[in-house]
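Q: One structure, as structure tokens, below. Some questions next.
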Amino acid sequence: MPVVPPPAYALVGAVAQHVLARKGGAGAVRKVAGGAVAAASVVLIAGSIQRFRDTGTTVEPFRPEQASALVTDGPNALTRNPMYVGMAGLLTAHALARGGVLPALPVVVFVALIDRVQIQPEEAALRELFGQEYDAYCARVPRWLPGLPI
């Protein structure tokens, strides 16, 4: 498993967005849209963490093999990775609020990186632990969001 916490990747992405953003920022509409996306992202992350805690399983990203339950309800009924979707959402919100096209690039990099270095090893561990139950979950719930090819 990787040794860099996923929020650290998101933080690096946010710093990159700040560097890449045009001077002056975005207009009010984009800032309001960014705020709405940020709020929804925080709700998604917090809701998922709460479901994990309610279920009594770990949220530790480096030790998925310690999962004691497969969480498939709440935010996890919409996406298999609501915490990572939420982090990508926060980066998307920041890109909207910063304005321009370049601040969106770190969102793409974050999604690709987390998908490869974090999610795929987690999925292998969960498949080992939960077998057919996990496979059935994967068949009905997307890794990221409905309609995304990854």
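Q: Filter the chymotrypsin sites (Phe, Trp or Tyr not before Pro) in region 1-75 to those in DSSP coil with at most 10 other Cβ atoms within 10 Å of their Cβ, and list the result. If you can, show how the numbers build up before the last one.
A: On the way: sites: Tyr9, Phe52, Phe62; in loops: Phe62.
Here no chymotrypsin sites (Phe, Trp or Tyr not before Pro) fit, given the DSSP loop and packing criteria.
Q: From the residues Gln66, Ala93, Asn81, which one has its Cα farthest along the dipole of the chain in the positive direction, the dipole being from +1 and -1 charges on Cβ of Lys/Arg and Asp/Glu about the Cα centre?
A: Selected residue: Ala93.
Q: While we're on this one: Compute the acute angle (0 to 90°) between the alpha-carbon long axis of helix 120-140 and the principal axis of greatest extent of the alpha-carbon atoms of the chain; round to the nearest 10°.
A: For 120-140 against the chain, the angle is about 80 degrees.
Q: Also, quick follow-up: Over the chain, what is the relative contact order in whole percent, taking alpha-carbon pairs under 8 Å and six or more residues apart?
A: On the way: 190 pairs, mean separation 53.9, N = 150.
The value is 36 percent.
Q: What distance in nm separates the two pseudo spin-label positions at Leu20 and Val117, each 7 Å out from Cα along the beta-carbon direction?
A: With each label point 7 Å from Cα toward Cβ, the separation is 1.6 nm.
Q: Let me ask something else about it. Where in region 105-130 does the label zone of Val3 land, with the point 7 angstrom along Cα→C-beta and an amide N cut-off under 17 Å?
A: 117-118
Q: For every other residue with a beta carbon closer than 9 angstrom to the beta carbon of Glu123, add +1 if it is Lys or Arg and -1 if Asp or Glu, then tell me the sum.
A: Numbers: positive: Arg80, Arg127, Arg143; negative: Glu122.
Surrounding charge for Glu123 is +2.
Q: Quote the charge dipole size of the chain about the Cα centre in Debye, to the nearest 20; the model charges only the Cβ of Lys and Arg (+1) and of Asp and Glu (-1). Spell out each step's value before the answer.
A: Numbers: 13 positive and 10 negative charges, 172 e Å.
Dipole about the Cα centre, nearest 20: 820 debye.
Q: Cα centroid distance between region 26-59 and region 114-137, in Å?
A: So the separation of the two Cα centres works out to 23 Å.
Q: Tell me the volume per residue, in Å³, of the convex hull enclosing the alpha carbons of the chain.
A: Working: hull volume 14.9 nm³, N = 150.
Output value, Cα hull per residue: 99 Å³.
Q: Counting only other residues whose beta carbon sits under 14 Å from that of Ala95, what net charge do I get with K and R as +1, D and E as -1? Show your work: numbers first, answer last.
A: Working: positive: Arg22, Arg30, Lys31, Arg98; negative: none.
Surrounding charge for Ala95 is +4.
Q: Leu102 to Leu11: extension gain in nm, 0.36 nm per residue of separation minus the Cα-Cα distance?
A: Values: separation 91, 0.36 × 91 = 32.76 nm, distance 1.64 nm.
Extending this stretch completely gives an extra 31.1 nm.
Q: So for the pair Arg30, Phe130, with labels modelled 7 Å out along Cα→Cβ, what separation do we get in nm?
A: Label-label distance for Arg30 and Phe130, simple model: 3.9 nm.
Q: Under 13 Å from the Cβ of Val85, count the other residues' Cβ atoms, weight Lys and Arg +1, Asp and Glu -1, and hand me the total. Write out the running numbers ahead of the final one.
A: Values: positive: Arg80, Arg143; negative: Asp115.
So the surrounding residues net to +1.
Every read-out reported here was derived from the displayed coordinates using simple, explicitly stated rules and does not represent laboratory data. Being a predicted model, the structure only gives us computed values, none of them experimental. Because the Cβ atoms are built from the backbone with ideal geometry, glycine has one as well, and the counts that use them run over all protein chains shown.
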